[in-house]
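S.K.: Below is a structure I'd like to ask you about.
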Amino acid sequence: MYVFRKITAPDAEEISRWRYPDPYAAYNGDPTSVPGLLDPRYNYHAVTGPEGELVGYFCFGADATVPVGRKLGLYDEDALDVGLGMRPNLTGRGLGLGFMQAGLRFAGQTFSPTAFRLTVAAFNRRAVKVYGAAGFEVVRAFGDRGDEWLLMRRPA
């Protein structure tokens, strides 16, 4: 069972130290990201597991988008943008779908959106598979150097 709570400074600092193996190193944490993780405008929530340990995070809204998508006008107000990350040693173990479903339940109860939208790196086939299993469909591929990103959407 997952528990969601507002992110704290210790959570943000831990996330900033996360390191993923290639090809997922693009998701590595960064100490300079701590202030953004703590900014209330970005709606970051820590997710803990049964023992109270930090297992991941979700963010809802603007920080779940990418600059080229904003430039292209892809993020209108008709859906809640969802971003997420799972602790590196938990990825690739079949936990993604349950984690994603818990996040969508939390977001539905907290924000009451009409739809969910997410942006995922096109190379991340593992995440795309999980999101598809959670009911998301690819709306379009986009990028400023080719189809680097996939925009996915599902009803709430």
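Read-outs: derived from the displayed coordinates by stated rules, not from any lab. Not measured: the values here are computed from a predicted model. Here the Cβ is made from the backbone with ideal geometry for all residues, glycine too, and neighbour counts use every protein chain on show.
S.K.: Using a simple charge model, +1 on the beta-carbon of Lys and Arg, -1 on the beta-carbon of Asp and Glu, nothing else, what dipole does the stretch 94-156 show about its Cα centre, in debye to the nearest 20?
M.R.: With only Lys, Arg, Asp and Glu charged at Cβ, the dipole is about 140 debye.
S.K.: So, counting K/R as plus one and D/E as minus one, what does the shell of residues with Cβ under 9 Å around residue 61 add up to?
M.R.: Around residue 61, the surrounding residues sum to -1.
S.K.: How large is the helix-only mean residue ellipticity at 222 nm for the chain, computed as the sum of -39500 (n - 2.57) over DSSP H runs with n ≥ 4, divided by its residue count, in deg cm²/dmol to the nearest 500?
M.R.: My calculation for the chain gives -7500 deg cm²/dmol from helical runs alone.
S.K.: On to the next question. In debye to the nearest 20, how big a dipole does the stretch 3-155 give about its Cα centre with +1 on each Lys and Arg Cβ and -1 on each Asp and Glu Cβ?
M.R.: For this selection, approximately 360 debye.
S.K.: Hey, another quick one. Enumerate by residue number the trypsin sites (Lys or Arg not before Pro) in the stretch 73-139 meeting two conditions: DSSP loop (anything except H, G, I, E, B), and at most 14 other Cβ atoms within 10 Å of the site's Cβ.
M.R.: The qualifying sites are 93.
S.K.: Give the relative contact order (percent, whole number) for the chain; include only Cα pairs under 8 Å separated by 6+ residues.
M.R.: 18
S.K.: Tell me which residues come under 5 Å, amide H to amide H, from residue 84 once H is placed; ignore anything under 5 positions away on its chain.
M.R.: Under 5 Å from the amide H of residue 84 lie the amide H atoms of 59, each far enough along the sequence or on another chain.
S.K.: Which whole-Hz couplings ³J(HN,Hα) result when phi for each residue of the stretch 68-84 is put into the Karplus expression 6.51 cos²θ - 1.76 cosθ + 1.60, θ = phi - 60°, listed in order with x for Gly and Pro?
M.R.: 5, x, 5, 4, 7, x, 7, 10, 7, 8, 8, 8, 8, 6, 10, x, 7
S.K.: Could you list which residues have their amide H under 5 Å from that of residue 55, counting only those 5 or more apart in sequence or on another chain, with H placed in the peptide plane?
M.R.: Correct list: 47, 48, 49.
S.K.: Write down Rg/Rh for the stretch 49-138, rounded to two decimals, with Rg from the C-alpha atoms and Rh from the Kirkwood relation over Cα pairs.
M.R.: 0.96
S.K.: Compute a Gaussian network model of the chain, connecting alpha carbons closer than 10 Å, and tell me which residue from 24, 75, 42 fluctuates the most.
M.R.: Evaluated over the chain, the most mobile residue of the options is 24.
S.K.: I'd like the Karplus ³J(HN,Hα) series for the stretch 136-145: coefficients 6.51, -1.76, 1.60, θ = phi - 60°, whole numbers in Hz, and an x wherever there's a Gly or Pro.
M.R.: 7, 10, 5, 8, 6, 9, 7, x, 9, 10
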